[in-house]
Structure formats: structure tokens, C-alpha cells
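To keep things clear, I will list the structure first and then write my remarks on it.
Please treat every number below as a calculation from the coordinates, not as lab data. Here the structure is a predicted model, which means the values were calculated and not measured. Quick reminder, even Gly has a Cβ in these numbers, built from the backbone with ideal geometry, and neighbours come from all protein chains shown.
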Amino acid sequence: MDILGEILKQVLEGAAQQQAPQRTPQPAPQQRAPQGAPPGMPDPGDLAEIFKQIFGGGGAQKLPDVVKQFEEKGLRDEVDSWVRTGPNKPVSRRQIEDVFGERELDDIARQRNIDRERLAEVLSRYIPKIIDELTPSGQLQARR
């Protein structure tokens, strides 16, 4: 079961609709060309692969580990807001770099031929939403 894939699809489509001009209808996701991403930014296919890498595949097996990484870097309040129901607290690009490490982000960015700082910016925007969607009951299963 590809839970993460479905959540990513919803999150990315929601973001695309917010950024899209209102006057022109957007094509269905399967019709979008991947080269539509701005230079240095990951395209939707790359984003899906990046998030699957971070969260441990389509079933998001590494979700507890990702949450723990944020908590260990002093971001317990932020990550708790993403897990619980209610508004999500933001996280900055620098905090993402601190949580995942510049080396890991460099590796991911190099594999996808994208800019590391922009990758961290994108992760800061989407990780709170993804964790929020992965925890609809307001609780993390198998939390350590």
C-alpha cells in the first residue's frame, strides 16, 4: 500500500492549485510534463522519490524516526503541532538542514541534480503537511 504516494499527490496538487493562475485550468497530474519545475527545483516525480526516501517508502515506515530526528534537534513543539490536529507550526530551511544534515541533503540534491538550499526550502514547506496527513488521528503510531 502506497500511503505516502497518495498523501504526496494530495499535498502537491493542493500546492499547485494555490500557485496556479485562476484563469487557466490545470491539466490532470498524469498529463503534466515533469520538466515544468523551475530550474534548481525538484519536479513532482523527484519530490515523490525524495519524500519516499526520507519517510521509508510508500508505507512511510520511517515516520517515527523522522519525528524523532526533529525532536532530538529541539523541534518537539513544531513536530507535535504536525502530529496533533490543529494548525501546523512552520519550520525553516535552516532547521531542515540541521535535522537532516547538510551532507545528507547534498547527497539527495546531487542525486536529483537540484540545488540543496532550494531542496531544504521545499522540504520545510511540505514535511509539516505530510506528517500532518500521515497522522490524521492526531497521534503517531508506534511512537518511541
Label-point separation (nm) for Ser137 and Arg118, each offset 7 Å from Cα along Cα-to-Cβ?
4.0 nm
What is the sum of charges, Lys and Arg at +1 and Asp and Glu at -1, for the other residues whose Cβ falls under 9 Å from the Cβ of Ser81?
-2
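Magnitude of the Cβ-charge dipole of region 103-143, K/R +1 and D/E -1, about the Cα centre, nearest 20 debye?
40 debye
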Calculate one ³J(HN,Hα) per residue across region 114-125 by plugging θ = phi - 60° into the Karplus curve 6.51 cos²θ - 1.76 cosθ + 1.60, and present them in order as whole Hz with x for glycine and proline.
10, 6, 4, 5, 5, 4, 4, 5, 5, 4, 5, 7
Label 7 Å along Cα→Cβ of Glu72; region 89-111 residues with amide nitrogen under 14 Å?
98-102, 104
Computed over region 72-144, Cα set: Rg, Dmax in Å:
13.1, 36
Between Asp2 and Glu104, what FRET efficiency comes out of the Förster formula 1/(1 + (r/R0)^6) with R0 = 30 Å and r the beta carbon distance, rounded to 0.05?
0.80
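If you take every residue apart from Phe55 with its C-beta less than 12 Å away from the C-beta of Phe55, what net charge results, scoring Lys and Arg +1 and Asp and Glu -1? Can you show the working numbers first?
Details: positive: Lys52, Lys62; negative: Asp2, Glu49, Asp65, Glu133.
That works out to -2.
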